[in-house]
1. How long are the semi-axes of the ellipsoid equivalent to the stretch 42-129, from square roots of 5 times the Cα gyration tensor eigenvalues, in whole Å, largest first?
2. For Asp44 paired with Arg66, estimate the spin-label separation in nm (one decimal), with each label point 7 Å from Cα along the Cα-to-Cβ line.
3. Could you state the per residue volume, in Å³, of the convex hull enclosing the Cα atoms of the stretch 100-169?
4. How long is the gain from Asp138 to Arg107 if the chain were fully straight, where each residue apart is worth 0.36 nm and the alpha carbon distance is subtracted?
Amino acid sequence: MASDFDPADFVDSDFQAHKTPQTATATTLGPVGSVRAPTREEVDSKVVEAQQKLAELKRAQEELERERAALEETRRRQSEFQTGRQEMVHNLTRGVGLLEEAEFTTRRDAEQMAKALTDFRDALSKIEAVQESGWNKDNFNVELTRALTAVENARMEWNAARLKFPVLSGQSSNTRDVAPAKNFPEPSPLAKLTFGQMLKLGLAVNLPLTLVAAGDVAALMVVLMQRH
C-alpha cells in the first residue's frame with residue numbers, strides 16, 4: 001500500500017527563501033560569526049588606492065595654495081593702489097594749491113622788485129647828477145636843498161625796499177619762511193602803506209625843504225633884480 005506522506009508538504013517555502021542567502025553568506029565568509037581575513041593582494045591594492053588619493057589631495061592642496069597666494073598678492077596690490085592713489089591725490093591737490101600760491105607770490109614779488117629797481121636807478125641817477133663843483137656862493141643854498149631832497153627821496157626808497165626784500169638787509173630770501181615767526185621784529189608801519197600813501201608822506205617830509213628852497217630862490221631873484 002502506497003504511503004500518502006509527502007515530505008514537501010512540510011517544507012516552508014518562505015523560510016527556505018530567507019534561509020538561503022544567509023547560508024550562502026555563511027558559506028562565503030566561513031564559519032558562523034567570523035570574517036575572512038583580507039589577502040595580501042587586497043591589502044596592497046587598498047594601500048595603492050589610498051596613496052593615489054593622498055597624492056590627488058596633495059596636488060589639490062598645492063593648487064589651492066597657489067590660488068590663495070595669487071589672490072593674496074592681488075589683494076595686496078589692490079590695497080597698495082587704493083592707498084597710493086589716496087596719498088597722491090591728497091599730496092598733489094595740496095601741492096597744486098601751494099605752488100599756485102607760491103607762483104602768485106613770486107610773480108607779485110618780481111613785479112615789485114622790478115619797480116624797486118627802476119626807482120633805485122632813478123634815485124641813483126639823481127644823486128650822481130649832483131655836482132658840488134658847480135656850486136657857488138649864489139646858488140649854494142638852492143643846490144644844497146636839491147641835493148638833500150634827492151638824498152632823502154633815495155633814503156625813503158631804500159628803506160621801503162628793505163622792508164619788502166630781506167636780501168637788501170643781507171638775509172636769504174628763504175629766511176623769512178624758515179625761521180619762526182616769533183624771531184622777527186614787528187613790521188614797520190611804513191610796510192602797510194600803499195605807494196600813493198608813501199608818495200604823499202614823502203611830499204609831506206620834503207615840503208619844508210621845498211619851501212626853504214623856494215624862499216632861497218625868491219631871495220636870489222630879489223638880489224639879482226637889485227643888481228640890475
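Derivation of every value follows stated rules applied to the coordinates shown; laboratory data play no part. This structure is a prediction, so every number in the text was calculated from the model and none was measured. Cβ atoms come from the backbone with ideal geometry, glycine included; neighbour counts cover every protein chain shown.
1. 82, 11, 4
2. Between Asp44 and Arg66, the simple spin-label model gives 3.4 nm.
3. 75
4. Fully extending the segment from Asp138 to Arg107 adds 6.2 nm.
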